[in-house]
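Notes to accompany the following structure.
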Amino acid sequence: MDIINKYFPNLTDKQKEQIAQLDALYREWNAKINVISRKDIDNLYEHHVLHSMAIAKAINFKDRTEILDFGCGGGFPGIPLAILFPECRFKLIDGTGKKIRVCNEVAEAIGLKNLKAEHLRGEEEKGKYDFVVSRAVMQLPDLMKIIKKNFKKTQQNALPNGLLCLKGGNLNEELKSYSRVAEITPLSTFFDEEWFAQDKQLVYVPC
């Protein structure tokens, strides 16, 4: 929790309590279902919670913004973002049903009212959203092909509607044949821990 307070010192007591509950909940679920790499569970707050919250360093979502978490896995980045933005609406989708169960159970346990998770493939999701968020589920051009149908035409945030995707590694090869403008921000811009300096990036692609 200390690392979260370091970068997000203005959280409400409720938000702090919700984030603090994540450790025990994910350890419990990880014992049943391999949601997070077992060797990485001790790094939950740095590698998963704070990593997800990097998106909140790039944009302060306005109230009533609707956000789709594509390929949410066990709930990242959607659950930490839903904690940070209680007046926004989040939908989490993943093609693995047991991971969706974890998302819904964790959300219920910490009292998240602004999030729902559904067992769906991206091609099946028909809803319209201001933003899509994701953590490295597939190559960026392939992801944009699937989600282009899911963006609202109207804009209510300072940042135009689009994809906010957390990626690792060298993106040159992935993006060299991609015609759309992609804005890449190293996560070391936001966080000074060594892990974030290891080719961790936030990619923004306007729709």
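The values are calculated or read from the model by the stated rules, or taken from the named source; none is laboratory data. None of these values were measured; they are calculated from a predicted model. FYI the Cβ positions are ideal-geometry reconstructions off the backbone, even for glycines, and counts take in every protein chain you see. Keep in mind that these areas ignore ligands, DNA and RNA; they rest on the heavy atoms of the full protein, side chains included. Shrake-Rupley method; radii C 1.70, N 1.55, O 1.52, S 1.80 Å.
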_I'd like to know which of Met144, Cys165, Thr189 lies farthest towards the positive end of the charge dipole of region 83-207, counting +1 on Cβ of Lys and Arg and -1 on Cβ of Asp and Glu._
Met144
*Grab the Cα-Cα distance for Asn170 and Asn60, subtract it from 0.36 nm times how many residues apart they are, and report the gain in nm with one decimal.*
36.9 nm
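Of all accessible surface on the chain at a 1.4 Å probe, what whole percent is carbon and sulfur? Please report the intermediate quantities before stating the final value.
Values: 4660 of 9960 Å².
Ligands and nucleic acids excluded, carbon and sulfur reach 47 percent.
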*Tell me, what is the per residue accessible area of the chain in Å², probe radius 1.4 Å?*
48
*Between their Cα atoms, which of Lys16/Lys91; Lys62/Lys149; Lys14/Lys62; Lys57/Lys91; Lys99/Lys149; Lys39/Lys145 are more than 30 Å away from each other?*
Lys39/Lys145
*Rank-order 80-86, 109-115 by packing density, defined as the average count of other C-beta atoms within 10 Å over each peptide's residues, highest first.*
80-86, 109-115
*Reduced Cα scattering model of the chain, Debye log10 I(q)/I(0), q = 0.07, 0.09, 0.10, 0.13 Å⁻¹*: -0.19, -0.31, -0.39, -0.68
*Quick one: dipole size for the chain, taken about the Cα centre, charges +1 on Lys/Arg Cβ and -1 on Asp/Glu Cβ, in debye to the nearest 20.*
800
*What is the distance, in nm, between label points placed 7 Å from the Cα along the Cα-to-Cβ direction at Asp142 and at Glu28?*
3.6
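How large is the charge dipole for region 102-165, taken about the Cα centre, if only the Cβ atoms of Lys, Arg (+1) and Asp, Glu (-1) carry charge, to the nearest 20 debye?
340
Given a cut-off of 26 Å, name the pairs among Lys116/Lys200; Lys98/Lys153; Lys116/Lys152 whose C-alpha atoms lie farther apart than that in the structure shown. Don't jump to the answer; show the numbers that get you there.
Working: Lys116/Lys200 28 Å; Lys98/Lys153 33 Å; Lys116/Lys152 19 Å.
From the list (Lys116/Lys200; Lys98/Lys153; Lys116/Lys152), the Cα-Cα distance tops 26 Å for Lys116/Lys200; Lys98/Lys153.
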_Order by protection proxy (mean Cβ within 10 Å, highest first), peptides 132-141, 8-17, 48-57_ = 48-57, 132-141, 8-17
*With every protein chain present, what accessible area does Glu108 have (1.4 Å probe, heavy atoms only), rounded to the nearest 10 Å²?*
140
*What is the extension gain from Lys128 to Ile3, computed as 0.36 nm multiplied by their sequence separation minus the C-alpha to C-alpha distance, in nm to one decimal?*
41.6 nm
